[in-house]
Amino acid sequence: MEEHKTKSLKNIEEKMEGLDVDSLRYHVLESAKNFKSSWIELGRSLYAVWKDKKYKEWGYTGFEAYAAREIGIRQQTAMKLLKSYYFLEKEEPQYLKDEYSSAALPANIPGYESVNLLRQAKNNKNLDEEDYSDFKKEVFEKGRDPRDLKKSLGVIIRQRQELDPEAAALKRRNAVLNRLLGQLKSLKQEVQALKLLPAPLIRDLDELIRGVGQEVKG
């Protein structure tokens with residue numbers, strides 16, 4: 001088996017020798033070794049290294065040098081990994097839970113490139129919540145190949161850009177109003193639960209929610 005190991009894998013194993021198995025540095029190297037089946041864990045570890053600049057403690061002047069020399073991956077790949085992980089942590093944390101990874105079929109657990117495309121879709125101003133929701137299903141429920149996902153995302157973006165300017169403006173308006181309505185309803189629940197505002201202000205908040213709701217329907 002040893003003769004079939006890549007130079008990169010041998011290099012990682014050599015660096016693991018002599019390190020504390022409970023240390024972050026060892027953990028990142030172990031995650032890199034299991035990269036093919038554990039990109040989320042590697043992304044989580046790389047994000048911790050990048051955020052706290054841990055690589056400096058290990059003798060590297062920058063994150064790029066650390067990624068290339070320590071674990072044998074390019075900066076572009078390393079940044080995609082940590083950005084994809086952070087995106088899931090911030091926007092879709094349910095997919096980081098053990099229940100999801102254990103219940104999901106292997107084909108339906110997306111790779112970091114697919115999640116990175118989902119991150120781009122979330123940040124694209126031409127797409128609304130419905131577009132994002134549909135694309136998310138393509139990523140998590142259908143397990144499509146990243147190349148197909150990239151083409152699909154390009155088609156969606158072009159279609160939205162080609163909309164009549166007036167129709168596009170109306171679509172953006174409704175998306176913003178729906179987002180605002182959801183946030184106001186959530187805010188009201190929190191305010192009531194914590195008893196932060198007197199009854200008259202709660203009624204004003206109700207009026208605002210009704211007004212925004214009417215704008216959405218109109």
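The values are calculated or read from the model by the stated rules, or taken from the named source; none is laboratory data. The shown structure was predicted, so the numbers you read here are calculated from the model rather than taken from an experiment. Using ideal geometry, Cβ is built from the backbone for each residue, glycine included, and neighbour counts are taken over all protein chains shown.
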- Message: I'd like the full set of residues that are touching a residue at least 60 places away in the same chain (Cβ under 8 Å) and closer than 14 Å to Y112 by Cα, limited to the stretch 7-39.
- Response: W39
- Task: Output the helices (runs of 4 or more DSSP H) that fall wholly within the stretch 99-179 and possess 3 or more residues being at pLDDT below 85 and surrounded by fewer than 17 Cβ atoms within 10 Å (Cβ to Cβ), or say none.
- Result: 146-161
- Could you please find all residues in the stretch 50-70 being among the aliphatic types (A, V, I, L, M) and either at pLDDT 95 or above or over 22 Å from the mean Cα position of the chain (by Cα) (or both)? A65, A68
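Does the stretch 195-218 include one or more residues that are within 29 Å of S84 (Cβ to Cβ), without any contact (Cβ under 8 Å) to a residue 60 or more places away in the chain and buried (at least 16 other Cβ atoms within 10 Å of the Cβ)?
Looking for residues that are within 29 Å of S84 (Cβ to Cβ), without any contact (Cβ under 8 Å) to a residue 60 or more places away in the chain and buried (at least 16 other Cβ atoms within 10 Å of the Cβ), one finds none in the stretch 195-218, hence no.
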- What number of residues within the stretch 47-72 satisfy the criterion of being over 16 Å from V115 (Cα atoms) and assigned to a helix (DSSP H, G or I)? 18
